[in-house]
Amino acid sequence: MRLFLPSRFLRMIALLAITALPCLAAEVAVLKNGFTIQHERRESVGELTRLYISADGASYVDVPTADIDHYEEAPPELAAPAPAGKGPLGASAGFPGLPRTNLTDVVNEAGGRYRLDPDLINSVIKAESDFKVHAVSPKGAQGLMQLMPGTASQLGVPNAFDPQANVNGGTRYLRELLERYNFDLLKALAAYNAGPQRVEQYGGVPPYRETQAYVARIVKDFNRKKIAQGAAAPPAEKAAAAKTAKPKTSAPVANKHTSKPLTQAKASTAPSQ
């Protein structure tokens, strides 16, 4: 006995089956707060959307589905980024017109020029672009240190996708912000993310989840590096550092590789921007 089902009913079943399957194409989730999350695939888990960051599914982040504005196809050059901080940038990153550049050399040079710890610069780059030379935010910020076109122009950066020019300009801007806030690193990082006018409006880190999480992420990453360096130091150096170490939130300047860990910044539960 054959069972005949209306074609409309069959189409509905097929549609439900498709929507229940996880999306397997590399794409970018654009959140309502302006954040973007690149992922390999996604699937619905109740009221959450699980975004798989790695292709093997070992790393993922759960985001409330209501917080996601829309999805965009990941640009080809973003679909398989090179490992962060490894190898030359420029021509190998999909820009054949740019010279091959070693990011470590670029960061060390900028740190020396503007007297900032290269580890701090790397922590900012990780938070801003995850070391993607060609990263572009929904608001138009570009390159490794996510310079807005107007800011890049003021800093003398003609091409924000040039790794050396971008890092040099972003480090210079961070140094200017540090000087503006008397080397209060938390205020400088908040101003880098939300703008100086917001820091001055609130007299410190503004009550935006995005900005507070951004500041905390950089401080935590920088602290992790310094703690690891301290653990690897000879016993004599550890003893000397223990006598002089003090928690601080001022910027790690001048000494390129000997900065102490900073006091942890914590993201609050304040309303988002």
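The values are calculated or read from the model by the stated rules, or taken from the named source; none is laboratory data. Model, not experiment: these values are computed from the prediction. Cβ sites come from the backbone with ideal geometry, for glycine too, and all protein chains shown count toward neighbours.
Within the stretch 166-199, how many residues turn out to be outside any helix (DSSP H, G or I), closer than 23 Å to K132 by Cβ and in contact (Cβ under 8 Å) with a residue 60 or more places away in the chain? Spell out the reasoning first.
The first filter runs over the stretch 166-199 and keeps only residues outside any helix (DSSP H, G or I), leaving 181-184, 195.
Next, from what is left, pick out any that are closer than 23 Å to K132 by Cβ: 195.
Narrowing the set further to residues that are in contact (Cβ under 8 Å) with a residue 60 or more places away in the chain leaves none.
Result for the stretch 166-199: 0.
Might you let me know whether the stretch 105-120 holds any residue that is outside any loop (DSSP other than H, G, I, E, B) and at pLDDT below 80? Can you show your working first?
We begin by selecting, within the stretch 105-120, every residue outside any loop (DSSP other than H, G, I, E, B); these are 105-114, 116, 118-120.
Keeping just the survivors that are at pLDDT below 80 gives none.
For the stretch 105-120, residues outside any loop (DSSP other than H, G, I, E, B) and at pLDDT below 80: absent.
With respect to the numbered conditions (1) at pLDDT below 65; (2) in contact with a Gly (Cβ under 7 Å, 6 or more places away or on another chain), which one is the sole condition not fulfilled by A160?
Exception for A160: condition (1).
Sort out which residues of the stretch 152-164 are buried (at least 17 other Cβ atoms within 10 Å of the Cβ) and more than 25 Å from Q38 (Cα to Cα), and write them in order of number.
So the first thing to find is which residues in the stretch 152-164 are buried (at least 17 other Cβ atoms within 10 Å of the Cβ), and the list is 152, 155, 157, 160-164.
Within the stretch 152-164, L155, V157 meet the criteria.
What number of residues in the stretch 135-149 are surrounded by fewer than 23 Cβ atoms within 10 Å (Cβ to Cβ) and under 13 Å from the mean Cα position of the chain (by Cα)?
Narrowing the stretch 135-149 to residues surrounded by fewer than 23 Cβ atoms within 10 Å (Cβ to Cβ): 136-142, 148-149.
Filter again for under 13 Å from the mean Cα position of the chain (by Cα), leaving 136-137, 141-142.
Final tally of qualifying residues: 4.
Condition (residue is in a helix (DSSP H, G or I) and at pLDDT 70 or above) applied to the stretch 130-139: is it met by at least one residue? I'd like the intermediate steps shown before the answer.
So in the stretch 130-139, the residues in a helix (DSSP H, G or I) come out as none.
No, that holds for no residue.
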